[in-house]
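Heads up, the thing below is written out as structure tokens.
The values are calculated or read from the model by the stated rules, or taken from the named source; none is laboratory data. Owing to the predicted nature of the structure, the values given are computational and were not obtained by experimental measurement. Each accessible area value is taken on the protein alone, full model and side chains, heavy atoms only, with ligands, DNA and RNA left out. Shrake-Rupley method; radii C 1.70, N 1.55, O 1.52, S 1.80 Å.
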Amino acid sequence: MTQAGRQGSPRNSSGRNSAGQSSAQGGAGRGAQGAPRGGRGGAGFKGAGFKGGGDRPFKHPKPREEAFIDPDLQAPGGAPAERPAGDWKSTGPSGKEAARKAAARKPGFGKAPGTPGALKPKPRIGAGAARATGSRAFGSERFGQNLGPVRKPARKRGPRGDVPQSELHDADGIRLQKVMASAGVASRRVCEEMIAEGRVEVDGQVVTELGVRVDPKTAVIHVDGLRIQLDENMVYMVFNKPKGVVSTMEDPDGRPCISDFVRSHHGERLFHVGRLDVATEGLLLLTNDGELANRLTHPSYEVPKTYLVQVRGPFPQGIGAELKAGVELEDGIASVDSFKLVDSTPGHVLIEVVLHSGKNRIVRRLFDAVGFPVLRLVRVKVGPIGLGDQRQGSIRNLGKQEVGHLLASVGL
């Protein structure tokens, strides 16, 4: 670089340039007076556009935002009114007033809800919303499906004062909130809130005292009507049975059976709840809970079962009403609880039917009786438990919430 170039450079050997010599001297003087630890001339100033680097370009400071002046606090002449003594910390209107005025400045304020451009109302968080989210039994469970609030027939209960809570207390037992937390209902603090709110039952009696101790081996505990399974040895599974698999654990003819799929999933001896014929696909419950299996298959509990049926089309009107009214079969009159047309393509019709009968091949026999033999049959739901997107041939464990709904559906 030439001598002239070095003289015109902002970083020459003398530390100043010809155009800014007086500016550098003035900066040095200010640094000596106003910046005790400022280094290398004006590099120690942070309020002059530099942040420690003398070779950085100058940046204009950002304009200061004007303080908000409430029109209600202005004097008649337009000047700001004096604030009362003791209000020196306040820099604007109150929290509610500021929020109201801020909302009024948003686009769409004042428009009727539902109209284009209107503000969306914020969801109200109340006791019901809190109970449905954070304080719901097994609300933080990631396993299984979320089935929502329990739906079951109301049980006959006596007055709350019939059984004193002292009789439910077991001095050698475990505190109720600890038992609930160990079962995965919620944290112990939330379980205590559930007890205080009267949402917990022990052996059919509402408990509101936090000091009650219970025996986990014998106590029957419900939270919001949802049964808590305290026996860790109980197993509940859902098997999506493919076509061609026999609904038995062992087959003497060597055909594919349920044990071929279960053996690699669990070492516990299981048995299936009900059965599906070889050509029928879909949901099959597996468990070692004998009482639950008996109730699910007993006709008195009328557990609904949902099927998807594929038949040849077109499907004339009136057949659905005929199936709901009842069709004469060789073993008596049978009917479906509900009938819904799901899809229709050229030559095929997909129908959803719900029925609670457990008779052998009942769906196929019903459609044969009305003149539409079944081409494909899939069971997609038993009681509150559904297949969802579970792939064929797979087995999954039920979540604790699903188990509670399943037990509640048969009065357990």
Take the alpha carbon gyration tensor of region 178-327, find the square roots of its eigenvalues, order them as a ≥ b ≥ c, and report rounded if a/c is under 1.5; if not, report prolate when a/b exceeds b/c, else oblate. oblate
Once all protein chains are kept in place, residue 234 shows an accessible area at probe 1.4 Å, nearest 10 Å², of 60 Å²
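For region 333-412, report the convex hull volume of the alpha-carbon atoms normalised per residue, in Å³, without decimals.
Taking only Cα atoms, region 333-412 has a hull volume of 141 Å³ per residue.
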With θ set to phi - 60° and the Karplus curve 6.51 cos²θ - 1.76 cosθ + 1.60, what are the ³J(HN,Hα) couplings of region 333-349 in order, to the nearest whole Hz, using x for Gly and Pro? 7, 10, 8, 9, 7, 8, 9, 9, 7, 8, 8, 9, 10, x, x, 9, 9
Tail weight of P(r) past 21 Å, computed on alpha-carbon pairs of region 258-376, percent: 45 percent
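Please arrange 248, 287 by accessible surface area, largest first, computed with a 1.4 Å probe and ligands excluded. Please report the intermediate quantities before stating the final value.
Details: 248 30, 287 5 Å².
Largest accessible area first, the residues go 248, 287.
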Which ³J(HN,Hα) values, rounded to whole Hz and listed in residue order, are derived for region 220-230 from phi using the Karplus coefficients 6.51, -1.76 and 1.60 in 6.51 cos²θ - 1.76 cosθ + 1.60 with θ = phi - 60°, glycine and proline given as x? 10, 10, 10, 10, 6, x, 9, 6, 9, 7, 9
